[in-house]
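Some notes on the structure that comes next.
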Amino acid sequence: METNLILDRYQHMPGRYYDDFVVGDIYHHQPGRTVTQQDNAWFTLLTMNTHPLHFDEEYAATTEFGKPLVASPLTVAIIVGMSVSDVSAKAIANLGWKEIRLTHPVFPGDTLYADTEVLDKRESKSRPNAGVVSVKTRGLNQHNTEVCVFERQILVPKRDN
């Protein structure tokens with residue numbers, strides 16, 4: 001009985017089922033997210049990233065950037081997080097990532113936005129109640145400059161389970 005209650009709640013969560021994805025559709029994720037230096041410093045401490053370019057303003061001033069850079073895994077994490085409600089809120093699992101590229105530096109104070117394009121979908125060979133969706137997600141800054149792009153595959157349940 002308790003499992004049925006949990007599954008019933010899951011049915012009403014936001015997100016898409018396999019059936020809802022259409023190849024070629026593009027989802028514009030809202031809202032944007034401004035990254036602060038505090039976010040950056042906390043993330044570097046949490047992940048034990050000791051490169052001073054992310055949290056030592058005096059050191060960063062001596063680099064070609066002249067100021068701290070946002071840690072690239074934080075950029076990826078924020079962009080992925082922005083896509084969850086549209087792409088993977090109902091996911092059973094992330095199956096893989098392909099070619100994560102960081103195409104432009106992100107600095108504290110930049111605001112990130114994201115969009116995701118559905119590249120492909122197919123029914124799962126091993127799970128008749130699910131399908132595999134392939135997407136490409138792009139992160140953009142406030143100047144509409146691409147800062148990050150990656151592809152991923154997600155195992156998503158079908159609507160009638």
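How many of the residues in the stretch 79-89 are under 18 Å from D20 (Cβ atoms), surrounded by fewer than 19 Cβ atoms within 10 Å (Cβ to Cβ) and touching a strand residue (DSSP E or B) at 6+ places or on another chain (Cβ under 9 Å)? Walk me through it before giving the result.
Going through the stretch 79-89, the residues under 18 Å from D20 (Cβ atoms) turn out to be 83-89.
Subsequent filtering for residues that are surrounded by fewer than 19 Cβ atoms within 10 Å (Cβ to Cβ) retains 84-85, 89.
Adding the requirement that they be touching a strand residue (DSSP E or B) at 6+ places or on another chain (Cβ under 9 Å) leaves 84-85.
Final tally of qualifying residues: 2.
When only residues in the stretch 18-55 that are of a type in the set (S, T, Y) and touching a strand residue (DSSP E or B) at 6+ places or on another chain (Cβ under 6 Å) count, which is nearest to G66 (Cα to Cα)? Outline the logic, then answer.
Initially, the stretch 18-55 is screened for residues of a type in the set (S, T, Y), giving 18, 27, 34, 36, 44, 47, 50.
Within this subset, residues satisfying the condition of being touching a strand residue (DSSP E or B) at 6+ places or on another chain (Cβ under 6 Å) are 18, 27, 34.
Numbers: Y18: 45, Y27: 35, T34: 20 Å.
Top of the filtered list is T34.
Here is a check on your reading of the model: is G96 assigned to a strand (DSSP E or B), in contact with a helix residue (DSSP H, G or I) (Cβ under 6 Å, 6 or more places away or on another chain) and either exposed (fewer than 14 other Cβ atoms within 10 Å of the Cβ) or modelled with pLDDT of 95 or more (or both)?
Against the criterion (assigned to a strand (DSSP E or B), in contact with a helix residue (DSSP H, G or I) (Cβ under 6 Å, 6 or more places away or on another chain) and either exposed (fewer than 14 other Cβ atoms within 10 Å of the Cβ) or modelled with pLDDT of 95 or more (or both)), G96 does not qualify.
If we keep just the residues of the stretch 19-65 that are of a type outside the set (A, V, I, L, M), assigned to a loop (DSSP other than H, G, I, E, B) and free of Cβ contacts under 8 Å to residues at least 24 places away in the same chain, which is surrounded by the most Cβ atoms within 10 Å (Cβ to Cβ)? Give the derivation first.
Kept after step one, since they are of a type outside the set (A, V, I, L, M), are these residues of the stretch 19-65: 19-21, 24-25, 27-34, 36-40, 42-44, 47, 49-52, 54-59, 62-65.
Filter again for assigned to a loop (DSSP other than H, G, I, E, B), leaving 21, 24-25, 36, 47, 49-51, 55-56, 62-65.
Now restrict to residues that are free of Cβ contacts under 8 Å to residues at least 24 places away in the same chain: 50-51, 55-56, 62-64.
Details: T50: 9, H51: 12, F55: 19, D56: 13, T62: 11, T63: 12, E64: 5.
Residue satisfying both the conditions and the ranking: F55.
Under the condition of being of a type in the set (V, I, T) and assigned to a loop (DSSP other than H, G, I, E, B), which residue from the stretch 99-116 is surrounded by the fewest Cβ atoms within 10 Å (Cβ to Cβ)? Don't jump to the end; show me each part of the working.
Going residue by residue through the stretch 99-116, those that are of a type in the set (V, I, T) are 100, 103, 106, 111, 116.
With the extra rule that they be assigned to a loop (DSSP other than H, G, I, E, B), the set shrinks to 103, 106.
Values: T103: 12, V106: 24.
Per the criteria, the residue is T103.
Any chance you could count how many residues in the stretch 98-143 are under 17 Å from the mean Cα position of the chain (by Cα) and without any contact (Cβ under 8 Å) to a residue 12 or more places away in the chain?
Summing the residues that are under 17 Å from the mean Cα position of the chain (by Cα) and without any contact (Cβ under 8 Å) to a residue 12 or more places away in the chain in the stretch 98-143 gives 0.
Would you confirm whether any residue within the stretch 136-156 is over 18 Å from I26 (Cα atoms), in contact with a helix residue (DSSP H, G or I) (Cβ under 8 Å, 6 or more places away or on another chain) and surrounded by fewer than 14 Cβ atoms within 10 Å (Cβ to Cβ)?
Taking every residue of the stretch 136-156 in turn, none turns out to be over 18 Å from I26 (Cα atoms), in contact with a helix residue (DSSP H, G or I) (Cβ under 8 Å, 6 or more places away or on another chain) and surrounded by fewer than 14 Cβ atoms within 10 Å (Cβ to Cβ).
The values are calculated or read from the model by the stated rules, or taken from the named source; none is laboratory data. Note that this is a predicted model, so its numbers are computed, not measured. Positions of Cβ are generated from backbone atoms using ideal geometry, with glycine treated the same way; all protein chains shown enter the neighbour counts.
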